[in-house]
Amino acid sequence: MNKIYKLNLGKNLIRFLAIILCIFHLYTGVFGLLPSPQQRAIHVSLTLMLVFLMVPAKKENQKHKLVNILNFLLIIICLISGIYICLYYKKFLPLMIPFPNIFESILAILTIIAVLEAGRRTIGLVFPVLTLFVLLYAFFGQFIPGEFGHPPFAIGTILKTIYFSADGIWGFLTGISSTYLALFIIFGSLLISCGGGKTFTDIALLLTGRFTGGPAKTAVLASGFFAMISGSGLANVVASGSFTIPLMKNMGYKPEFAAAVEATASSGGVLTPPIMGTAAFIMAEFLGISYFKVCLSAAIPSFLYYFSVFMGVHFQAIKLGLKPIPRENLPLKKEIFVFSKIINLFFPVILLIYLLFKGFSLNLVGVSACISTLLTYIFLSFSLDKIRRNLASILNILEKGGKALIGILPILVCSNIVLGLLNFTGLTIKFSSLIISMGTGKMIISLMMTAFLIMILGCGLPGIAAYVIGVTVAYPLLLKWGFTPMAVHLFILYYSVVALITPPVCGAIFVASTIAKSNWLKTAGIAMSLGPVIYILPFIFIFDNAYIMIGNPINIVFRIMIATTGVIALEGGLMRQFIIKCNIYESTLLIGSGLLLIFPGWKINLIGLIIFLFILIRQLLKK
């Protein structure tokens with residue numbers, strides 16, 4: 001009886017905190033934000049408390065008394081820290097930051113420990129260990145000889161930087177998270193919980209299921225859509241892969257190919273506007289430009305990436321002779337195109353895009369999308385009983401919205417600590433100097449070294465964390481070569497995502513292979529052939545800004561058309577299937593043609609187009 005009581009108490013506390021967190025962000029979105037330190041403190045403390053209540057310290061020992069005591073202590077630390085900052089928030093305002101007293105120093109140390117533990121539970125051990133490494137460097141770097149050492153810093157100075165300034169725990173990433181980013185994450189959760197996610201999947205199935213390779217094309221559309229909202233390739237593989245991978249296998253795809261399609265499609269969500277997970281908001285803040293401009297710049301590369309995956313799926317389906325999904329297994333139009341379902345999916349999304357296009361503040365855009373989702377869910381039904389049932393389920397939907405925040409906050413807070421200390425100790429400049437020396441002063445070698453460094457970061461860190469640290473370390477270096485700031489940011493973002501499908505780590509591949517029961521190495525090879533443009537595009541748009549919507553409109557349209565043709569040729573060659581099955585000679589020419597069409601330069605584009613037309617005519621005559 002006592003165990004049941006404790007279990008119910010824990011569930012009720014989680015439910016209460018999640019609903020309060022969701023309502024807090026909706027309330028401040030409508031009626032105005034609190035002073036910056038208070039807004040961030042409430043957001044961080046409530047979210048971290050949810051982490052310690054929901055995410056086990058160690059799964060097998062979760063019921064151990066010591067674990068329960070640890071959770072309780074961590075929750076109390078977060079609560080006290082949040083209350084203290086809310087009461088004395090003026091200490092955290094610029095130019096008023098004091099030297100911390102003993103109590104504040106202890107509170108700062110305990111809060112840092114809580115943040116690291118929350119990071120360990122939600123994103124794994126690697127990133128918190130990296131954060132701890134940077135912390136230790138700040139304390140003990142004075143003992144390192146040579147250029148990688150730094151002057152001695154007092155403990156109070158370091159704690160002040162981490163806890164009492166805008167460069168540490170409460171830095172700008174936490175600021176983004178506590179305002180419009182939280183609203184957009186809540187919006188994604190609300191949209192899915194209110195039925196928009198299922199409606200979209202059904203529409204994708206209806207649109208693509210009746211064509212060759214239907215199940216895999218459905219997976220590309222659905223996985224891309226959900227990953228775009230969630231911003232997590234790994235989470236999306238689990239969520240949508242549990243449906244799409246068995247569907248593909250049942251329709252004749254090999255387990256390796258089914259897993260590769262899901263992993264590749266899910267990994268591209270963070271690159272795809274209008275939501276781009278959380279990357280677009282952080283990028284806009286870094287660059288000091290509008291969110292809409294970021295989305296506009298990311299549009300062509302993300303289109304080429306998903307078009308590449310789509311064409312790879314298409315050619316593979318033709319090669320294997322796979323049939324569409326039987327008509328009786330497709331959802332019925334009359335069940336999908338119901339007024340309430342369609343409006344509940346498209347009205348909030350269209351409203352969001354319209355308000356972004358008109359230049360309204362991101363807070364207003366986010367809260368408008370959330371409220372419109374809830375209102376359409378509740379009232380767009382002509383049945384009074386249905387409206388009552390929908391109203392009764394609102395608390396459950398708000399609870400899911402609050403819980404959705406625990407996946408991103410620990411990443412951003414740990415990133416804040418790393419960024420603050422990298423700048424504080426001067427390690428950023430030292431890393432840039434190291435890359436320059438390794439690149440021997442050559443532009444292309446420096447680019448390759450930067451790409452490799454960011455890929456290494458992406459192997460052990462979440463994509464957003466790898467992107468943030470990559471920007472801190474590599475951005476100043478690449479700007480020295482005269483590249484456009486937007487192109488540099490997208491270059492870093494793309495290579496922070498690459499590690500999800502690239503061996504030896506390839507987290508998205510491992511998760512998808514587990515679901516599909518496939519060989520992970522073969523799966524990774526297929527994934528790399530499905531999305532090869534993710535490796536190529538960054539080196540193209542950093543030199544040719546037409547790919548990121550900068551320049552003459554006619555040139556931009558021309559580049560889209562030529563690059564799209566190049567993607568078709570590249571995927572046809574990699575899949576060894578075009579109009580008909582390709583031999584080695586034809587596959588090689590198609591791959592070469594695709595690369596020549598994608599890379600900028602009208603002369604090499606013309607050569608690529610001639611080769612493409614030659615193979616096209618040759619195969620048409622054969623057929």
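Laboratory data are not the source of any read-out in this text; all were calculated from the coordinates shown. Keep in mind that this is a model prediction, so the values were computed, not measured. Glycine also receives a Cβ, built like all others from the backbone with ideal geometry; neighbour counts cover every protein chain displayed.
Here are some notes:
- Estimated from helices alone, the mean residue ellipticity of the chain at 222 nm is -24500 deg cm²/dmol (sum of -39500 (n - 2.57) over DSSP H runs with n ≥ 4, per residue).
- By the count of other C-beta atoms within 10 Å, a proxy for reagent exposure, D544, D202 are ordered fewest to most as D544, D202.
- Extension gain (nm, one decimal) between R618 and N12, 0.36 nm per residue minus Cα-Cα: 211.3 nm
- Between the C-alpha center of region 470-489 and that of region 14-90 there is a gap of 36 Å.
- Summed residue charge, Cβ within 12 Å of G197's Cβ, Lys/Arg positive, Asp/Glu negative: +2
- Only Lys, Arg, Asp and Glu carry charge here, each on its Cβ (+1 for the first two, -1 for the last two); on that basis the chain has a dipole of about 1420 debye about its Cα centre.
- Stretchable slack from S242 to I102, in nm (0.36 nm times residue separation minus alpha-carbon distance): 45.3 nm
- Scaling against 2.2 N^0.38 Å puts the C-alpha radius of gyration of region 2-167 at 1.18.
- Backbone phi angles across region 508-522, fed through the Karplus curve with coefficients 6.51, -1.76 and 1.60 (θ = phi - 60°), yield HN-Hα couplings of 5, 5, 4, 5, 5, 5, 5, 5, 7, 6, 10, 6, 5, 5, 5 Hz in residue order; Gly and Pro are listed as x.
- Distant-in-sequence amide H partners of Q577 (H built 1.01 Å from N, under 5 Å): C582
- For the chain, the longest principal axis of the C-alpha atoms and the axis of helix 255-267 are separated by about 60°.
- Inter-label distance, K319 to I554: 4.0 nm, where each label sits 7 Å from its Cα along the C-beta direction.
- Near I501, no amide H atom lies under 5 Å from its own; only residues 5 or more places off or on other chains count, and H is placed 1.01 Å from N.
- Only the Cβ atoms of Lys and Arg (+1) and of Asp and Glu (-1) were treated as charged; on that basis the dipole of region 2-167 about its Cα centre amounts to roughly 800 debye.
- Sequentially through region 571-585, phi angles give Karplus couplings (6.51, -1.76, 1.60; θ = phi - 60°) of 5, x, x, 5, 8, 6, 8, 10, 5, 10, 5, 9, 8, 4, 4 Hz, Gly and Pro residues having no value and appearing as x.
- Taking the average, over residues, of other Cβ atoms within 10 Å as the packing measure, peptides 257-263, 29-35, 593-599, 349-355 rank 257-263, 593-599, 349-355, 29-35 from highest down.
- Between F211 and L391, the simple label model (points 7 Å from Cα in the Cβ direction) yields a spacing of 4.4 nm.
- Put the Cα centre of region 549-597 next to the Cα centre of region 117-141 and the gap is 44 Å.
- Mean shadow area of region 497-564 over all directions, Cα convex hull, nm²: 5.3 nm²
- Relative protection proxy for 406-415, 137-146, from highest mean packing down: 406-415, 137-146 (other beta-carbon atoms within 10 angstrom).
- Percentage relative contact order, region 229-355, counting C-alpha pairs under 8 Å, at least six apart: 23 percent
- Shape of region 100-208, Cα gyration tensor, a/c cut at 1.5: prolate
- Region 480-623 shape via C-alpha gyration tensor axes, a/c threshold 1.5: oblate
- Positive-end residue of A114, L87, I76, charge dipole of region 2-167 with Cβ unit charges: I76
- In this calculation the C-beta distance from K358 to I445 is compared with R0 = 51 Å, giving a FRET efficiency of 0.70.
- Contact order relative to length of the chain, as percent, for alpha carbon pairs under 8 angstrom and 6 or more apart: 17 percent
- Residue order for R120, R618, fewest other beta carbons within 10 angstrom first, comes to R618, R120.
- With contacts taken as Cα pairs under 8 Å at a separation of at least 6 residues, region 489-623 carries a relative contact order of 17 percent.
- Residue pairs exceeding 31 angstrom between C-alpha atoms, taken from K217/K622; K293/K522; K160/K293; K333/K517; K293/K334: K293/K522; K160/K293; K333/K517; K293/K334.
- The alpha-carbon atoms of region 575-623, seen along their principal axes, cover 32, 19, 13 angstrom, with the largest extent given first.
- Rg [Å, one decimal], Dmax [Å, integer] - region 273-389, C-alpha atoms: 19.3, 52
- Exposure proxy ranking for Y495, Y84, based on other Cβ atoms within 10 angstrom of each Cβ and starting from the fewest, stands as Y84, Y495.
- Put simply, the convex hull of the Cα atoms in the chain casts, on average, a shadow of 31.2 nm².
- Dimensionless Rg over Rh [region 279-342; C-alpha; Kirkwood]: 1.21
- Taking 0.36 nm per residue of sequence separation and removing the Cα-Cα distance, the N68/I144 pair yields an extension gain of 23.4 nm.
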